[in-house]
Structure formats: C-alpha cells, structure tokens
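Here is the structure we will look at.
The values are calculated or read from the model by the stated rules, or taken from the named source; none is laboratory data. Please read all numbers here as calculations on a predicted model, not as lab measurements. Positions of Cβ are backbone-derived with ideal geometry, glycine not excepted, and every protein chain shown enters the neighbour counts.
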Amino acid sequence: MSNVPNPQAQQGMNLQIRYEDMTARYANQVMLNTTADECYFDFSSGVIVDRASGGGVMPIHTRIVMNPNGMLRLYQLIGQALQNYQIVQNTPAPAPEQPQPVEAPAEGEEKKD
C-alpha cells in the first residue's frame with residue numbers, strides 16, 4: 001500500500017494554514033540552482049562590501065528547496081500575481097530582457113563595432 005496522498009481525495013479536504021515562523025525577510029537578490037530532482041532558491045538582501053578583501057559578498061539568509069512540480073506551481077502563481085498587479089496598477093510590467101547570444105568572429109574576419 002502506498003503512502004502517497006491521492007490528489008483527488010485532497011480536493012474536498014478541509015485545510016488549516018498554520019504559520020510556524022512569521023519572520024519576514026527582504027530579498028533583493030535570488031540565485032537559482034537545479035539538479036535533476038530539485039530546485040534551490042537562495043535569497044539575499046543584496047551584495048555588501050567586504051572591507052578585508054575589498055570585494056563583494058552576498059550573504060544568503062534563506063534557502064528554499066522545491067521539486068520541479070512545486071517550481072512550476074510557483075511560476076504559475078507568480079505569473080498570476082503579476083497579471084493582477086498590472087490590472088491594479090493599470091500599467092504593463094516591464095518585459096524581461098532576453099539575453100543575446102554572443103558569437104565569436106570567424107577566422108580571418110575583422111571585429112565590427
């Protein structure tokens with residue numbers, strides 16, 4: 001017998017939400033790493049200067065790990081939230097920039113500016 005819950009049986013289930021930790025953390029930066037089975041979101045409030053080395057450090061304060069199905073649901077929820085935001089603000093959200101591929105010049109070809 002399987003211990004995996006039946007999604008159809010859960011649809012009619014009463015559900016209570018319990019917040020165990022209400023600590024809010026601000027995140028201005030997020031890093032995403034994936035494996036074949038999991039997605040890791042590492043959140044940070046931003047880069048700070050390390051005076052000792054003179055470089056920057058991005059301290060991670062929260063890590064969330066999800067499976068690909070959970071990540072897909074999160075993606076859909078964020079898309080819906082952005083659509084709702086656009087309706088309320090009556091302004092379109094800025095389109096994400098698409099990275100442009102960089103091609104190395106062919107041999108014998110001069111670089112053009």
Could you tell me whether any residue of region 92-105 is modelled with pLDDT under 80, outside any strand (DSSP E or B), surrounded by 10 or more Cβ atoms within 10 Å (Cβ to Cβ) and over 14 Å from the mean Cα position of the chain (by Cα)?
yes
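Residue-wise test of (1) in contact with a helix residue (DSSP H, G or I) (Cβ under 7 Å, 6 or more places away or on another chain); (2) among the β-branched types (V, I, T); (3) under 23 Å from G70 (Cβ atoms); (4) surrounded by 12 or more Cβ atoms within 10 Å (Cβ to Cβ).
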{"site": "M22", "(1), (2), (3), (4)": "no, no, yes, no"}
{"site": "A27", "(1), (2), (3), (4)": "no, no, yes, yes"}
{"site": "L32", "(1), (2), (3), (4)": "no, no, yes, no"}
{"site": "A36", "(1), (2), (3), (4)": "no, no, yes, no"}
{"site": "C39", "(1), (2), (3), (4)": "yes, no, yes, yes"}
{"site": "D42", "(1), (2), (3), (4)": "no, no, yes, yes"}
{"site": "V47", "(1), (2), (3), (4)": "no, yes, no, yes"}
{"site": "D50", "(1), (2), (3), (4)": "no, no, no, no"}
{"site": "S53", "(1), (2), (3), (4)": "no, no, no, no"}
Pull up region 14-48, narrow it to residues that are of a type in the set (D, E, K, R) and within 14 Å of the chain's Cα centre (by Cα), then point me to the one that is farthest from I60 (Cα to Cα).
E38
Taking only region 55-74 into account, find how many residues are farther than 20 Å from A24 by Cα and surrounded by 10 or more Cβ atoms within 10 Å (Cβ to Cβ).
8
